[in-house]
Amino acid sequence: MIETERLILRPVAMADHAEVAAMLRDPATAQFLGGVSDPEGIWNKHLRNIGHWVAFGYGIFTVRRALDGAHVGQVGLGHFCRGLGEDFDPWPEASWILDGRMHGQGYALEAARAVESWFTAQHGAGRRVCIIHPDNAPSLRVAERMGYRPYGAAAYRDARPVKLERLA
């Protein structure tokens, strides 16, 4: 578990499924994730995120507000096998998805920084990557503030997301 001033982060668990499903069904949240997922897709993503912890010793965290336990979203690092090439797929990929009601409060940056610090302490420094839809300005700002820099684009889910990297 990771605690920040405003947040509590813990590995994704089965008990998080209903809140995650609601978040991923919200069109505002899902607009840059390839659209609203069907129930099977949401279930498979949830199981994948749980499995990261077993396979790699790290993965996606459920993020909750410390004040009241409200579900904020999911933030972490994983291997999602996107088929984007050797300059992307082998590296830990940063991910942040926040419930639409939690946008604009600085939670993504706070949680991503906490995860990055934890990851570096547990697994060492090194290259990290992420992809972000080019129209997702808030996520691009988070990535920039995290030290990620663009290095290319990719064809992925009917879009051309920006490929970003962070060298530690």
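The values are calculated or read from the model by the stated rules, or taken from the named source; none is laboratory data. Only a predicted model underlies this, so the values are computations on that prediction, with no experimental measurement involved. Cβ coordinates were reconstructed from backbone atoms using ideal geometry, including for glycine residues, and neighbour counts include every protein chain displayed. Note: areas computed on protein heavy atoms with side chains; ligands, DNA, RNA excluded. Shrake-Rupley method; radii C 1.70, N 1.55, O 1.52, S 1.80 Å.
I need the full set of residues from segment 35-46 which are part of a loop (DSSP other than H, G, I, E, B) and surrounded by 14 or more Cβ atoms within 10 Å (Cβ to Cβ), in order please. Break it down into steps so the answer makes sense when it comes.
Pass one, segment 35-46, residues part of a loop (DSSP other than H, G, I, E, B): 35-38.
Residues satisfying the conditions are VAL36, SER37.
If the requirement is being within 17 Å of TYR151 (Cα to Cα), open to solvent by less than 20 Å² (accessible area, probe 1.4 Å) and of a type in the set (Phe, Trp, Tyr), which of these qualifies: PHE119, PHE88? Show your work before the answer.
Details: PHE119 fails: within 17 Å of TYR151 (Cα to Cα).
Just a single option satisfies the conditions, and that option is PHE88.
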Looking only at segment 57-65, decide whether some residue is among the small types (Gly, Ala, Ser), outside any loop (DSSP other than H, G, I, E, B) and surrounded by 14 or more Cβ atoms within 10 Å (Cβ to Cβ).
no
Every residue in segment 100-116 that is open to solvent by 50 Å² or more (accessible area, probe 1.4 Å) and part of a loop (DSSP other than H, G, I, E, B), please.
HIS103, GLY104, GLN105
As an exercise: evaluate PHE56 against (1) touching a residue at least 24 places away in the same chain (Cβ under 8 Å); (2) of a type outside the set (S, T, N, Q); (3) within 14 Å of SER95 (Cβ to Cβ) and give the number of the one condition it does not meet.
(1)
Please verify whether LEU84 is farther than 20 Å from LEU7 by Cβ and in a loop (DSSP other than H, G, I, E, B), treating the condition exactly as stated.
yes
Single unsatisfied condition, ASN49 versus (1) open to solvent by less than 60 Å² (accessible area, probe 1.4 Å); (2) farther than 24 Å from ALA137 by Cα; (3) in contact with a Lys or Arg (Cβ under 8 Å, 6 or more places away or on another chain)
(3)
Every residue from segment 141-155 that is outside any loop (DSSP other than H, G, I, E, B), more than 19 Å from ILE97 (Cα to Cα) and open to solvent by less than 90 Å² (accessible area, probe 1.4 Å):
TYR151, GLY152, ALA153
Quick one: how many residues across segment 1-34 are among the charged types (D, E, K, R) and not in a helix (DSSP H, G or I)?
5
Determine which member of the set ASP89, ASP99 is without any contact (Cβ under 8 Å) to a residue 12 or more places away in the chain and of a type in the set (Asp, Glu).
ASP89
Of (1) within 21 Å of THR29 (Cα to Cα); (2) surrounded by 13 or more Cβ atoms within 10 Å (Cβ to Cβ), ASP158 fails just (2)
